[in-house]
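Each remark here refers to the structure printed beneath this line.
The values are calculated or read from the model by the stated rules, or taken from the named source; none is laboratory data. Remember, predicted model here, so these are calculated numbers, not experimental data. Heads up, the Cβs are rebuilt from the backbone with ideal geometry, glycines too, and the neighbour counts pull from every protein chain shown. Protein only, heavy atoms only, side chains kept; ligands, DNA and RNA dropped before computing areas. Shrake-Rupley method; radii C 1.70, N 1.55, O 1.52, S 1.80 Å.
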Amino acid sequence: MSWLFSRTFVAVAAVVLGVLLGRFIGGLFGEPRLGGVLGGALCIAVLALVDAWHGQRLMAWLRGPQSAAAPRTTGFWGELAYRIERAMRTRDLAIEHERGRIAQFLSAIEASPNGVMLIDGNGQIDWCNSVAAEHFGLDPVRDLRQRVTNLVRAPAFVAYLQRGDFAEPVAFSDTAGRRSYSVLVRPYGDGMKLVLSQDVTERERNDAMRRDFVANVSHEIRTPLTVLAGFVETMAAVPLTEPERVRVLTLMTQQTDRMQALVADLLTLAQLEGSPRPASDRWLPLAALLRRAEADAVVLSNHRHRIAVHGGEGIELAGSETEVLSAIGNLLNNAVRYTPEGGQIDLRCALRADGGVDIEVSDTGLGIAREHLGRLTERFYRVDGSRSRETGGTGLGLAIVKHVAQRHGGSIEVQSEPGKGSRFRLELPASRVRQGAAVEA
């Protein structure tokens, strides 16, 4: 309150001084009283003009951008300008801080894998992140302040918004039907809505695959179990001759082997999916693996096919010996099963220009139509179910090959044409391959 005391003191002193000076000047003209009144009034007018000048300077600063400092003076106007400037600077800092927090918050939402959209009380888009824009087919800049129902035409979503019951999420697909989305709306504020969207395409696809997997496993196991149960019932109820008994036991053994092969492949898949990637520092001689796979194929073929191995010498592969041998073995077993007697089966290994290696199995078998090639590595997918079961296949071999390839950083490619045989190529990256001769040198 120092400014109040000094301002009062200055005003009183100025008026007193003005009165005294006026009385002195008025006395010279014989009017000391009138001179005192005029002197005091003049001092008050001067003080008012000074205050008006200081006030005008402060108002001019307030009307401007306030980029420069406030007018500096002493007394009342100086303290008033200082306090106003400090309050405005504090406000600007608070606003800037809030803007920074909002920017960080929006950046965090922008980085979210889910879509976020804000809708005002009139159903217009206030803001949306890029993921929501992709889900709803919007432009995050151009479509602001537009009614969301004018831009998003999915009937399920529009009906969901209009119904106003947001207890459960709603699902809808894009216009092409390729992607599926789950949308949840949460009201907040004065009629505003928070719209959360999530791409559930992969989840629905995995759920469908899981349902199909359970159904296929149940079907695959039920069929041989039904056969075994029928034979057991027959042997228990009907006296069989020795040839009949041998035939029944042979068929029962075949069905038992089929179930054992199925269980073995299921366990292999489970192990591949649940274990860590193979180590990249354990090197295996590829030629030895190819020879072992060839020997197993010769036994399965029982010399009904011509089987040849090409390449692989001096090449080492980093990975799991069991998994790689299983992948090559499954490719050879498929070639043996689906190649007519007398056909040619070739197992080739060659280095690529980028340092990787291709392990290829080709045959002169029946071949596969183009529409089936993209689904061959799906579990239990069969081009011809009856033919696969007759040959003893479980429908899991190529799925195992695909998993082995992925776990070693590679992939599987298929080329086939009906009547001209098939070519399955296991492609492994350069990081998993080295030449043994170079290492020894």
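Are there any pairs, at least 6 apart or on different chains, whose C-beta atoms fall under 6 Å, with the first in the range 127-149 and among the acidic types (Asp, Glu) and the second open to solvent by less than 30 Å² (accessible area, probe 1.4 Å), and if so, which?
Going by the 6 Å Cβ cut-off, the qualifying pairs are 143/125.
Going by what's in this entry, would residue 215 be described as open to solvent by 50 Å² or more (accessible area, probe 1.4 Å) and of a type outside the set (D, E, K, R)? If you could, list the steps in order and put the result at the bottom.
On the way: open to solvent by 50 Å² or more (accessible area, probe 1.4 Å): yes; of a type outside the set (D, E, K, R): yes.
Taking the combined requirement at face value, the residue satisfies it.
Have a look at 304, 292 and point out the one that is in a helix (DSSP H, G or I), open to solvent by 80 Å² or more (accessible area, probe 1.4 Å) and modelled with pLDDT of 90 or more.
292
Regarding the range 88-97, can at least one residue be identified that is crowded, with 16+ Cβ neighbours inside 10 Å and not hydroxyl-bearing (Ser, Thr, Tyr)?
No, that holds for no residue.
Of the residues 68, 14, 45, 81, which is among the small types (Gly, Ala, Ser) and out of contact with any helix residue (DSSP H, G or I) (no Cβ under 8 Å at 6 or more places or on another chain)?
Details: 68 fails: out of contact with any helix residue (DSSP H, G or I) (no Cβ under 8 Å at 6 or more places or on another chain); 14 fails: out of contact with any helix residue (DSSP H, G or I) (no Cβ under 8 Å at 6 or more places or on another chain); 81 fails: out of contact with any helix residue (DSSP H, G or I) (no Cβ under 8 Å at 6 or more places or on another chain).
None of the others qualify; the one that does is 45.
Inspect the range 3-12 for any residue being farther than 15 Å from residue 76 by Cα and either in a loop (DSSP other than H, G, I, E, B) or at pLDDT 75 or above (or both) and give the result as yes or no.
yes
May I ask you to say which residue of 109, 102, 84 is of a type in the set (Val, Ile, Thr), open to solvent by 60 Å² or more (accessible area, probe 1.4 Å) and not in a loop (DSSP other than H, G, I, E, B)? Don't jump to the end; show me each part of the working.
Numbers: 109 fails: open to solvent by 60 Å² or more (accessible area, probe 1.4 Å); 84 fails: open to solvent by 60 Å² or more (accessible area, probe 1.4 Å).
So the residue among 109, 102, 84 that is of a type in the set (Val, Ile, Thr), open to solvent by 60 Å² or more (accessible area, probe 1.4 Å) and not in a loop (DSSP other than H, G, I, E, B) is 102.
I'm told residue 379 meets every condition in (1) assigned to a loop (DSSP other than H, G, I, E, B); (2) open to solvent by less than 20 Å² (accessible area, probe 1.4 Å); (3) under 26 Å from residue 261 (Cα atoms) except one. Can you identify the failing condition by its number?
Every listed condition holds for residue 379 apart from (2).
In the range 48-80, which residues are more than 18 Å from residue 10 (Cβ to Cβ) and in a helix (DSSP H, G or I)?
Hits for the range 48-80 are 56, 57, 58, 59, 60, 61, 62, 63.
Being surrounded by 20 or more Cβ atoms within 10 Å (Cβ to Cβ), among the small types (Gly, Ala, Ser) and in contact with a Pro (Cβ under 9 Å, 6 or more places away or on another chain) is the requirement here; does residue 365 meet it?
yes
Could you say which residue among 316, 294 is in contact (Cβ under 8 Å) with a residue 60 or more places away in the chain and among the charged types (D, E, K, R)? Can you show your working first?
Working: 294 fails: in contact (Cβ under 8 Å) with a residue 60 or more places away in the chain.
Of the residues listed, the single one that is in contact (Cβ under 8 Å) with a residue 60 or more places away in the chain and among the charged types (D, E, K, R) is 316.
When you look at residue 240, is it outside any helix (DSSP H, G or I), open to solvent by less than 70 Å² (accessible area, probe 1.4 Å) and at pLDDT below 80, yes or no?
So residue 240 passes the test.
Tell me the residue from 184, 228, 196 that is touching a residue at least 40 places away in the same chain (Cβ under 8 Å) and either surrounded by 10 or more Cβ atoms within 10 Å (Cβ to Cβ) or not charged (D, E, K, R) (or both), please.
Among 184, 228, 196, only 196 is touching a residue at least 40 places away in the same chain (Cβ under 8 Å) and either surrounded by 10 or more Cβ atoms within 10 Å (Cβ to Cβ) or not charged (D, E, K, R) (or both).
Pick from 427, 417: which is over 19 Å from residue 279 (Cα atoms), at pLDDT 80 or above and open to solvent by 40 Å² or more (accessible area, probe 1.4 Å)?
417
Given the criterion outside any helix (DSSP H, G or I), over 42 Å from the mean Cα position of the chain (by Cα) and among the β-branched types (Val, Ile, Thr), identify the matching residue among 299, 309.
The match here is 309.
Somewhere in the range 387-394, is a residue buried (at least 20 other Cβ atoms within 10 Å of the Cβ), modelled with pLDDT of 85 or more and of a type outside the set (Phe, Trp, Tyr)?
No; the residues of the range 387-394 include none that is buried (at least 20 other Cβ atoms within 10 Å of the Cβ), modelled with pLDDT of 85 or more and of a type outside the set (Phe, Trp, Tyr).
Filter the range 122-137 for residues that are within 17 Å of the chain's Cα centre (by Cα) and either open to solvent by 50 Å² or more (accessible area, probe 1.4 Å) or among the small types (Gly, Ala, Ser) (or both) and give the result.
Passing the criteria: 130, 132, 133, 134.
Just the residues that are open to solvent by less than 30 Å² (accessible area, probe 1.4 Å), within 20 Å of residue 113 (Cα to Cα) and modelled with pLDDT under 90, please, taken from the range 158-179.
The one that is open to solvent by less than 30 Å² (accessible area, probe 1.4 Å), within 20 Å of residue 113 (Cα to Cα) and modelled with pLDDT under 90: 172.
So which residues in the range 112-121 are part of a loop (DSSP other than H, G, I, E, B) and within 15 Å of the chain's Cα centre (by Cα)?
Our first condition is that a residue be part of a loop (DSSP other than H, G, I, E, B); within the range 112-121, this holds for 112-114, 120-121.
112, 113, 114 - these are the residues of the range 112-121 that are part of a loop (DSSP other than H, G, I, E, B) and within 15 Å of the chain's Cα centre (by Cα).
Any idea which residue in the range 252-289 is surrounded by the most Cβ atoms within 10 Å (Cβ to Cβ), counting only those that are of a type in the set (Gly, Ala, Ser) and touching a residue at least 24 places away in the same chain (Cβ under 8 Å)? Show your work before the answer.
Here is the first cut: in the range 252-289, the residues of a type in the set (Gly, Ala, Ser) are 261, 264, 270, 274-275, 279-280, 287-288.
In the following step, the residues that additionally are touching a residue at least 24 places away in the same chain (Cβ under 8 Å) were identified as 261, 279-280, 287.
Working: 261: 15, 279: 10, 280: 12, 287: 17.
Out of the qualifying residues, it is 287.
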